[in-house]
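So the structure is just underneath, and the comments pick up after that.
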Amino acid sequence: MRRMPRTDRVLMGPGPSNPYPEVAEAFARPVLGHLDPEFIDVLDDTCERLRQVFRTKNQLTIPVSGTGSAGMEAAFVNWVEPGSPVVVGVNGLFGERMCDVAARCGAEVVRVEAPWGRALDPQAVLDAHPAPAIIAVVHAETSTGVRNDIEPLGAGKGDALLLVDCVTSLAGIPVETDGWGVDIAYSGTQKCLGVPPGLAPLTVSERARERIVERPRSWYLDLNMIARYAGATGARTYHHTAPVSMVYALHAGLGAVLAEGLDEVWHRHAECGRLLQDGLQKLGLELFAEEGHRLPELTTVWVPDDVLPPGLDEAGVRRTLLERHGIEIGGGLGEYAGRTWRIGCMGHTARPRNVALLLAALAEVLGR
Ligand SMILES: *Cc1c(COP(=O)(O)O)cnc(C)c1O
């Protein structure tokens, strides 16, 4: 028999964080049929809570069954037709993933790049193509800890649809779907929403809804069919079985966020990010992301060889943190693997006490 995972870990990686206590309780609720009126009520209320967190009035606001990447696929496959010009801002791993997804849908992908660790230039994104069908950008690049500005893109998008990855920004930093003119936005449950992985919240403006292609080249992610089930008014037609317990969990997680208040939640993330980033610099470490565009919920830091204690490499420090202190932090990605750390502080984990614990443990392991 394998032992169940330990429950006392402080997960400060960029992945799943410890859920809000309400969320853990939600998983213990009896499982109803996915068309049971009581479940449908919870689903409808979940969509309403998502509208509040996305700050939108969009009718088509639903949890897509699948992780954040399913949200990304749904966001492209329902709009891109072969040859559609799609401008993608690329300054990290998830911008790259958007290019891959868009290209597989047949898009003519126009890349606008910025170096990893720096923010995209919104004007360069707007100038990249005279008439793009879609302008796609990652709001919070989890691979680099950088925040890209969305508001100028909404102001200058013209006839294009503005598509934004909010996987690591929703409920961590301000996201103003309607206020910024975002047409298509998706997120994931396991980042700042503080719910285990499994659903991808998605919201679609009326203008984008009118442009959904008739026959998207995915059956499972076809929003025309999904909308007749989730987020629908009137008769519901079976499309696929909603992951009932995950919907309960998302409902509870959104409830925790809204009960605390979005402003408070943003403030808590901002405070923890500041404490963490100040503390790391006091330990003599240099931050990786461009100043002014640093995410509070995901901090990246350089790990030069001379900060490492004798006999431990970068991965060894992370392993020691995990084994001795029960704290998990993330390693760098791409060409920054082995040279940076990515420290998540999001959702229920974003508490000053967790920041203090990590900074003390890191100081001990590094001998500083
Ligand atoms: C985590 C993440 C994704 C992918 O989400 P999964 O749940 O891993 O499929 C997409 N975009 C960003 C910015 C992310 O951080």
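All but one of (1) assigned to a strand (DSSP E or B); (2) under 20 Å from Tyr229 (Cα atoms) hold for Leu11; which doesn't?
Answer for Leu11: the failing condition is (2).
Restrict the check to the stretch 139-147 and report whether at least one residue is open to solvent by 40 Å² or more (accessible area, probe 1.4 Å) and more than 16 Å from the ligand (Cβ to nearest atom).
no
So, in the stretch 85-108, of the ones that are within 20 Å of Lys157 (Cα to Cα) and assigned to a loop (DSSP other than H, G, I, E, B), which residue ends up nearest to the chain's Cα centre (by Cα)? Before the answer, list the steps.
We begin by selecting, within the stretch 85-108, every residue within 20 Å of Lys157 (Cα to Cα); these are 85-91, 95, 98-99, 102, 107-108.
From what is left, the residues that are assigned to a loop (DSSP other than H, G, I, E, B) are 91, 107.
Values: Asn91: 15, Ala107: 23 Å.
By that ranking, first place goes to Asn91.
Only residues that are closer than 15 Å to Met12 by Cα and either touching a helix residue (DSSP H, G or I) at 6+ places or on another chain (Cβ under 8 Å) or crowded, with 17+ Cβ neighbours inside 10 Å (or both): list them for the stretch 299-321, please.
Thr299, Thr300, Val301, Val317, Arg318, Thr320, Leu321 - these are the residues of the stretch 299-321 that are closer than 15 Å to Met12 by Cα and either touching a helix residue (DSSP H, G or I) at 6+ places or on another chain (Cβ under 8 Å) or crowded, with 17+ Cβ neighbours inside 10 Å (or both).
Kindly provide the set of residues from the stretch 44-77 that are away from the ligand (no atom under 15 Å from the Cβ) and in a strand (DSSP E or B), ordered by number.
Listed by number, the residues that qualify are Leu60, Thr61, Ile62.
If the requirement is being open to solvent by 10 Å² or more (accessible area, probe 1.4 Å), of a type in the set (Gly, Ala, Ser), outside any strand (DSSP E or B) and at pLDDT 95 or above, which of these qualifies: Ala171, Ala124?
Criteria check complete, one pass: Ala124.
Can you name the residue in the stretch 109-121 that is in a loop (DSSP other than H, G, I, E, B) and not small (Gly, Ala, Ser) and, of all such residues, is farthest from the ligand (Cβ to nearest atom)?
Asp121
Provide a single number: the residues in the stretch 148-168 that are more than 12 Å from the ligand (Cβ to nearest atom), open to solvent by 10 Å² or more (accessible area, probe 1.4 Å) and closer than 19 Å to Phe94 by Cβ.
Summing the residues that are more than 12 Å from the ligand (Cβ to nearest atom), open to solvent by 10 Å² or more (accessible area, probe 1.4 Å) and closer than 19 Å to Phe94 by Cβ in the stretch 148-168 gives 1.
Outside any loop (DSSP other than H, G, I, E, B), free of Cβ contacts under 8 Å to residues at least 40 places away in the same chain and open to solvent by less than 80 Å² (accessible area, probe 1.4 Å): does that describe Asp41?
no
A quick yes/no check of all residues on (1) touching a Pro at 6+ places or on another chain (Cβ under 8 Å); (2) not charged (D, E, K, R); (3) not assigned by TED's automatic domain parsing to the domain that holds Pro30:
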residue: Ser218; (1), (2), (3): no, yes, no
residue: Leu221; (1), (2), (3): no, yes, no
residue: Ile226; (1), (2), (3): no, yes, no
residue: Tyr229; (1), (2), (3): no, yes, no
residue: Val244; (1), (2), (3): no, yes, no
residue: Leu250; (1), (2), (3): yes, yes, no
residue: Val265; (1), (2), (3): no, yes, yes
residue: Arg268; (1), (2), (3): no, no, yes
residue: Glu297; (1), (2), (3): no, no, yes
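Please enumerate the residues belonging to the stretch 188-223 that are within 16 Å of the ligand (Cβ to nearest atom), crowded, with 22+ Cβ neighbours inside 10 Å and closer than 20 Å to Val80 by Cβ. Write out each step before concluding.
If we filter the stretch 188-223 for residues that are within 16 Å of the ligand (Cβ to nearest atom), which is where we start, we get 188-203, 218, 220-221.
If we keep only those that are crowded, with 22+ Cβ neighbours inside 10 Å too, we end up with 188-195, 199-203, 221.
Hits for the stretch 188-223 are Ala200, Leu202, Thr203, Leu221.
If Ala200 passes every condition in (1) under 17 Å from the mean Cα position of the chain (by Cα); (2) outside any strand (DSSP E or B) but one, which one does it miss?
Here Ala200 meets the rest and fails (2).
Could you tell me which numbered condition Cys99 fails, if it satisfies all but one of (1) more than 27 Å from Glu260 (Cα to Cα); (2) surrounded by fewer than 17 Cβ atoms within 10 Å (Cβ to Cβ); (3) without any contact (Cβ under 8 Å) to a residue 40 or more places away in the chain?
The number of the failed condition is (2).
The values are calculated or read from the model by the stated rules, or taken from the named source; none is laboratory data. None of the values given here were measured: they were computed from a predicted structure. Quick reminder, even Gly has a Cβ in these numbers, built from the backbone with ideal geometry, and neighbours come from all protein chains shown. Ligands, DNA and RNA are stripped out before the accessible areas are found, and what is left, the full protein with its side chains, is counted by its heavy atoms. Shrake-Rupley method; radii C 1.70, N 1.55, O 1.52, S 1.80 Å.
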